[in-house]
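S.K.: Supplied in structure tokens, the structure appears directly below.
The values are calculated or read from the model by the stated rules, or taken from the named source; none is laboratory data. Keep in mind that what you see is a predicted model, and the values were worked out from it rather than measured. Ideal geometry is used to build each Cβ from the backbone, glycine not excepted, and the neighbour counts take in all protein chains shown.
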Amino acid sequence: MLRCSFTCDCGKSLPDMLIKALPAVVLAIGLALTGCTAGGNASSQSSVSASADTAADAPEVDRDPQGELPAITFNSKGIPTMATVASDPPTVISVKTLTAGDGAIVAAGDYVKVDYAGFLWSDGTQFDSSYDSGTPARFALNQVVDGWKYGLVGTKVGDRVEVVIPAEYGYGDEEQDSIPAGSTLVFVVDILATTTITTEALTSATLTQATLPEGITVTGELGQEPTLTIAADAAEPTEQQTIVLAEGNGATVTETDSLFYHMVVGEWGSETSSSWSSSYQEIDSGGGSVTVGQRVGSRLLLISPADEENETAARAYVIDILAAIPAE
């Protein structure tokens, strides 16, 4: 699957990541490399987008390619193959509808479920396929290369599309496993489902008026980026504590859900970092014991003590639960 190189797909539970691995994985990778900012608040969003890209920044996508594209055929077992063509590949992302669906339209930043197979334009070699494994792929469009991120937007559930991705919008000049550097890639993709992740569930939560540890404040409207402040003289925590700041009225998170959330992280004696300025975060297993049993739309404050073994400082996390999608 053509996930961006910085994506964390480590399979850890949210509490394990928060207590031990999060500062190294989520904070360094999930936040810094996805463009999250330190300190200050981003403007509020009513809908979570894949990135801060404007229409002018987005690459061109040709949705009615007139040039010759490789032919994709499926055998009796539903396994696709690609026939090469002698013509030069397109220089822009090209999307050809092979079979039109009539379901929901995929929007920017959506979480999608697809079947797919990938081939090299040059010789038709297959380098990846969910058809072979029998397990569809699930991912957010902000987690994949630009050819997928922009190419799948506007398709419909039920569509079967051929997507041609120039190297510039795939892996560029980097070799990736069996994909040579500079390769134009060809995919056949079946759009099986799509979900738009927004902040709407946060706005209907009910504040709990919970008492916070002395020296810690969380302010801001529900549905918008909160401001987390840790006073200079605030005592460092000695044990983990989870406080429900606002209780949502959405579905209860289960241990089989994919969990989608925003997070603001503050470290004792340091600045805060936030996912709000870039994109929502995702983790499997419902995030673990911190979030399993909580309801979608909730805002949580997690206080985590320093961990000498893993060399992590004491931290506070404000977690806004956006959505939970059950496993199928």
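S.K.: Consider residue 246 against the criteria (1) closer than 30 Å to residue 194 by Cα; (2) within 23 Å of the chain's Cα centre (by Cα): it satisfies all of them except one. Which criterion is unmet?
M.R.: Tallying (1) closer than 30 Å to residue 194 by Cα; (2) within 23 Å of the chain's Cα centre (by Cα), residue 246 fails exactly one: (2).
S.K.: Another question, if that's okay. Among the numbered criteria (1) within 28 Å of residue 68 (Cβ to Cβ); (2) under 23 Å from the mean Cα position of the chain (by Cα); (3) buried (at least 22 other Cβ atoms within 10 Å of the Cβ), which one does residue 167 miss?
M.R.: With (1) within 28 Å of residue 68 (Cβ to Cβ); (2) under 23 Å from the mean Cα position of the chain (by Cα); (3) buried (at least 22 other Cβ atoms within 10 Å of the Cβ) applied to residue 167, the lone miss is (3).
S.K.: Exactly one condition in (1) touching a Gly at 6+ places or on another chain (Cβ under 6 Å); (2) part of a strand (DSSP E or B) is false for residue 161; which is it?
M.R.: (1)
S.K.: Taking segment 136-164 on its own, how many of its residues are modelled with pLDDT under 95 and more than 19 Å from the chain's Cα centre (by Cα)?
M.R.: 0
S.K.: For the subset of segment 204-222 comprising residues that are of a type in the set (Gly, Ala, Ser) and surrounded by fewer than 20 Cβ atoms within 10 Å (Cβ to Cβ), which member is farthest from residue 315 (Cα to Cα)?
M.R.: 204
S.K.: Can you tell which of 231, 201, 246 is among the hydrophobic types (A, V, I, L, M, F, W, C) and surrounded by fewer than 18 Cβ atoms within 10 Å (Cβ to Cβ)?
M.R.: It is 231.
S.K.: Here's another thing I want to ask about it. Which of the following residues is touching an Asp or Glu at 6+ places or on another chain (Cβ under 6 Å), part of a loop (DSSP other than H, G, I, E, B), farther than 29 Å from residue 259 by Cβ and of a type outside the set (A, V, I, L, M): 87, 122, 94?
M.R.: Of 87, 122, 94, the one residue that is touching an Asp or Glu at 6+ places or on another chain (Cβ under 6 Å), part of a loop (DSSP other than H, G, I, E, B), farther than 29 Å from residue 259 by Cβ and of a type outside the set (A, V, I, L, M) is 87.
S.K.: Of the residues 110, 102, 88, 132, which is charged (D, E, K, R), touching a helix residue (DSSP H, G or I) at 6+ places or on another chain (Cβ under 7 Å) and assigned by TED's automatic domain parsing to the domain that holds residue 162?
M.R.: 110
S.K.: Further, regarding this structure: For segment 97-113, name all the residues that are surrounded by 14 or more Cβ atoms within 10 Å (Cβ to Cβ), of a type outside the set (D, E, K, R) and part of a loop (DSSP other than H, G, I, E, B).
M.R.: Hits for segment 97-113 are 101, 103, 104, 106, 107, 108, 109.
S.K.: Among the numbered criteria (1) crowded, with 21+ Cβ neighbours inside 10 Å; (2) of a type in the set (Phe, Trp, Tyr); (3) assigned to a strand (DSSP E or B), which single criterion is violated by residue 150?
M.R.: Failing condition for residue 150: (3).
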